[in-house]
Amino acid sequence: MRRVNLLAWFVFMLGMIYFFLPLFSTFEFSLRMKKGVYSFEAYRVAFQDPGFYYNFGSSLLWAALTILCSILLVVPTAYWVHWRLPKARPIVEFVTLMPFVIPAVVLTFGLIRLYGGPPLILTATPIPLIAGYVVLSLPYMYRSVDAGLRAIDIRTLTEAALSLGAGWGTIITQVILPNIRVAILSGVFLTFAIVMGEYVFASLLGWPAFAYYLEEIGAMRAYTPQALSLVSFGITWSMMMLIQWIGRGTRGAEQVAAAH
Amino acid sequence: MESKSGVGVKTLQDTRQAEKGALEVRPSRAGSDWIAWLGLLPFFLFAVMFLFLPSLSIFVRSFQDRGGNFTFENIIALFTVKDIINAYRMSLTISLITAVGGGIFGFLLAYAVIMGGLPRVLRSFLLTFSGVASNFAGVPLAFAFVATMGNAGLVTRLIEQIFNINTREMGFSIYNIYGLSIVYMYFQFPLMVLIMAPALDGLRREWREACENLGGTEIHYWRYIALPILLPTILGAMILLFGNAFGAYATAYAFSGSFINLVTILIGAQIQGDVLYNPGLGNALALGMIVIMSLTMVGYVSLQRRASRWLR
């Protein structure tokens, strides 16, 4: 069934133009800082600003904390659901999908109104920020880990370990974790990409972050924001490549994201 | 999914089968069950603190006036205050445009690489890129499009040079709902590609062959087989796209500041300073978003259920 696939080529090329034109334009724009010549001046200026390192470093810190909390929250929960409470699966799944129902800006609104005043004031700490990021990461982390656990025989492994006299700590760290390493890592990389580009929580809760900094300098300067936008794109791109690379050979590594 | 059952594992599995009664009766006993639920306590505690209580507080405060008394006024205001109606209209319009537009184009693109006879390498390339692009949103995306079609953008300059015109003097601006739609499309149709690709893969060759054997044409195949099977997936994906655009904030804010009066932007402004001069109204505004997002999720889930009848 070889038909002329001119139309298919046309649609594909259209898609590629749509994909690459903004990236190319951004690159071209970022090179135009010096009048009349193309140069990497914008990148030099961008990387000289201490504000960049402060905000980028902050985002790295938030990402690390988010990943840590997300793993600690999701892995034992997903494991427990598989091992002891399969009937809790629909409820847990429902909770992990909540970020699709409550947009980030609405959640921030709720968090500020709830924890901005007595009896429990949390807005002076980064706790609402990290909690918000963990909520954002929940669908991806949970789905990743859940798929990982589904692919191994969790009951047999756990019972084998138990019958050999292993404690729970040993079971989790020596038996389960090594088996779902790839699943956890893809969740980790996606969470990293999300947190590094996230703007809503940081800006509205008032914490330094890369995207917040980018927006700030975007309002004041030209060229450097475009240079840093490409850096941001590079981060997302490399995280996706890492997910593909570690997931090679395993099935079902596709990630569908939402919530911007 | 296949479990890797070696010889050792197999024996264990047999033992397990033998012990099945002993092992599986125990967790179902009431006391033990209660302890099992305790294992999910940290997760539910987190969910209550950072998801349900904030949502509940939005819900409760939507029905409170300044003094904390019960009132329907905020909800009524949602349908009567002009700024709010406009914001909802704007958000719904842009979500609809980008859901339908992104849905159609994303479907065509997925169809082109999967069934259009293009080289296989293009297919994995497109899927990788869709993964990246659907996650690439917010501030950097907005800046990329400013550099593309803003006043000094590459495309703007090209058009101006080719046609020898000044777009700015002609009163042309991209900082409106249509310009923003073009920006949103950058993460919308890749998402469509990611959802449609597995569905198109799930169309069995036997179905097409059966159709051809019965004397059906390409049109018959699409009209009576492929489209009815794919339709729930297509509609479900479009609904997901709709919700995706409806909840977006950072992209719109970085692209146009507060020029485009979306619901999310209004909520952001309400957080930074009580621009509506009524805290309860801000809560009602947020509640309206949750209601619309819940409706889209219900629609998505029910269509998903239909879709999985033929495709899995």
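The values are calculated or read from the model by the stated rules, or taken from the named source; none is laboratory data. No experiment lies behind these values; they were computed from the predicted model shown. Note: ideal-geometry Cβ built from the backbone for every residue, glycine included; neighbour counts use all protein chains shown.
Taken together, B:L230, B:L241 contain a single residue that is closer than 30 Å to B:N151 by Cβ, surrounded by 22 or more Cβ atoms within 10 Å (Cβ to Cβ) and within 26 Å of the chain's Cα centre (by Cα), which is B:L241.
Summed over the range A:197-219, the residues that are more than 15 Å from the chain's Cα centre (by Cα) and not in a helix (DSSP H, G or I) give a count of 3. Scanning the range B:115-144 for residues that are more than 7 Å from chain A (Cβ to nearest Cβ), free of Cβ contacts under 8 Å to residues at least 40 places away in the same chain and aliphatic (A, V, I, L, M) yields a total of 1. Residue under question is B:I271, and the condition is that it be of a type in the set (A, V, I, L, M, F, W, C) and at pLDDT below 90; does it hold? Criteria met by B:I271.
Since A:L21 meets every condition but one in (1) in contact with an Asp or Glu (Cβ under 6 Å, 6 or more places away or on another chain); (2) closer than 14 Å to B:F143 by Cα, which condition does it not meet? It fails just one condition, (1).
Within the range B:150-196, if we keep just the residues that are without any contact (Cβ under 8 Å) to a residue 60 or more places away in the chain, of a type in the set (A, V, I, L, M) and more than 8 Å from chain A (Cβ to nearest Cβ), the residue that is nearest to B:S130 (Cα to Cα) turns out to be B:I182.
Scan the range B:102-155 for residues that are small (G, A, S), in a helix (DSSP H, G or I) and over 23 Å from the mean Cα position of the chain (by Cα) and jot them down. If you could, list the steps in order and put the result at the bottom.
Kept after step one, since they are small (G, A, S), are these residues of the range B:102-155: B:102-103, B:106, B:110, B:112, B:116-117, B:124, B:130-131, B:133-134, B:137-138, B:142, B:144, B:147, B:150, B:152-153.
Next, from what is left, pick out any that are in a helix (DSSP H, G or I): B:102-103, B:106, B:110, B:112, B:124, B:130-131, B:133-134, B:142, B:144, B:147.
Within the range B:102-155, B:A147 is the sole residue that qualifies.
Scanning the range A:196-211 for residues that are more than 7 Å from every other protein chain (Cβ to nearest Cβ), more than 17 Å from A:L65 (Cα to Cα) and in contact with a Gly (Cβ under 9 Å, 6 or more places away or on another chain) returns a single hit, A:S203.
Assess whether A:T173 counts as being within 10 Å of chain B (Cβ to nearest Cβ) and of a type in the set (S, T, Y).
On the way: within 10 Å of chain B (Cβ to nearest Cβ): no; of a type in the set (S, T, Y): yes.
Against the criterion (within 10 Å of chain B (Cβ to nearest Cβ) and of a type in the set (S, T, Y)), A:T173 does not qualify.
Figure legend. Inter-residue proximity from the range B:245-258: first residues closer than 12 Å to A:L214 by Cα, second residues in a loop (DSSP other than H, G, I, E, B) and acidic (D, E), beta-carbon distance below 9 Å, spacing 6+ or different chains. Indicated pairs: B:A250/A:E198.
Which helices (runs of 4 or more DSSP H) does the range A:61-173 wholly contain that include 1 or more residues that are closer than 27 Å to B:S91 by Cβ, among the polar types (S, T, N, Q) and modelled with pLDDT of 90 or more? Steps first, please.
Working: elements: A:89-96, A:98-101, A:104-115, A:127-151, A:154-163.
Counting at least 1 such residues, we get A:89-96, A:104-115, A:127-151.
Selection over the range B:68-101 of residues that are surrounded by 14 or more Cβ atoms within 10 Å (Cβ to Cβ), in contact with a strand residue (DSSP E or B) (Cβ under 9 Å, 6 or more places away or on another chain) and outside any helix (DSSP H, G or I) gives a count of 1.
Looking at the range B:187-203, is at least one residue under 24 Å from B:A254 (Cβ atoms), of a type outside the set (K, R) and surrounded by fewer than 14 Cβ atoms within 10 Å (Cβ to Cβ)? The answer is no; no qualifying residue exists. Filter the range A:164-191 down to the residues that are in contact with a Ser or Thr (Cβ under 8 Å, 6 or more places away or on another chain) and free of Cβ contacts under 8 Å to residues at least 60 places away in the same chain and list them by number. Selection gives A:I171, A:V175, A:A183. Of all the criteria given as (1) without any contact (Cβ under 8 Å) to a residue 40 or more places away in the chain; (2) over 27 Å from B:G106 (Cα atoms); (3) in contact with a helix residue (DSSP H, G or I) (Cβ under 9 Å, 6 or more places away or on another chain); (4) not charged (D, E, K, R), the one not satisfied by A:G36 is (3).
Scanning the range A:220-243 for residues that are within 8 Å of another protein chain (Cβ to nearest Cβ) and either in contact with an Asp or Glu (Cβ under 8 Å, 6 or more places away or on another chain) or not in a helix (DSSP H, G or I) (or both) yields one hit, A:A222.
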